[in-house]
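These notes concern the structure reproduced below.
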Amino acid sequence: MPYDIVESLVAHPDDACVLLVHPDVRVIQRYAQEVAAALGVQPVSVGKELSGLLLNEPPQARARLARSWLLNTATRQAPGPLVLTDVDLLFEPAWALDPLALFRSASRSARLIVAWPGNHAQDVLAYAVPEHSAYRTWHHPGVHIINLP
């Protein structure tokens, strides 16, 4: 199943940031796990790593710390690839982060493959569904997007 995805990743080595996109979290998790295994790396659960790190931090510091954590993680894993799962925490509305811009920035250090829960159609990338409180869209996202079946 991930063979076509891995083949696409190998065929496009200059794509520093790749999103695996599907609205069903279970689907993207399964693909991300399989892609990570095929590439010989362990996926990194952003939610798990960040929730432990931020647990005792004041709310006003969390966005800055989340940004620093991701950039530092990418630097430590350079040149990658780094497979990121459970990215939902970065979309916390109170943090006012732009997760896509953050992923593009981190991908300057290490190649990122991100399990992205959402949709991509007609060059519009969406996170979540319109009814979700953190729903967002990006026109012309500027990253390699693989729509999962």
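Using Cβ contacts closer than 10 Å as the measure, can you line up 86, 15, 123 from fewest to most?
Values: 86 21, 15 17, 123 11.
Lowest count first: 123, 15, 86.
Which distance in nm do the two modelled labels at residue 25 and residue 12 give, with both placed 7 Å along the Cα-to-Cβ direction?
So the two model labels end up 2.6 nm from each other.
According to a simple spin-label model (label point 7 Å from Cα along Cα-to-Cβ), what is the distance in nm between residue 61 and residue 76?
1.8 nm
Evaluate the distance, in nm, between pseudo-label points positioned 7 Å from the Cα of residue 140 and of residue 42 along their respective Cα→Cβ axes.
4.1 nm
To the nearest 0.05, how large is the calculated FRET efficiency for residue 123 and residue 101 if R₀ is 22 Å and r is the Cβ-Cβ distance?
Step by step, r from the Cβ atoms, then E = 0.85.
Convert 25 °C to kelvin, take the viscosity as 0.890 mPa s, use the Kirkwood radius over C-alpha pairs of the range 3-147 as Rh, and evaluate the Stokes-Einstein diffusion coefficient in µm²/s, rounded to a whole number.
Details: Rh = 15.3 Å.
Diffusion coefficient, whole number: 160 µm²/s.
Every number here is computed from the coordinates shown, using simple stated rules; none is lab data. Fair warning: this is a prediction, and the values are worked out from it, not measured in the lab. Methodologically, a virtual Cβ is constructed for each residue, glycine included, from the backbone with ideal geometry; neighbour enumeration extends over all protein chains shown.
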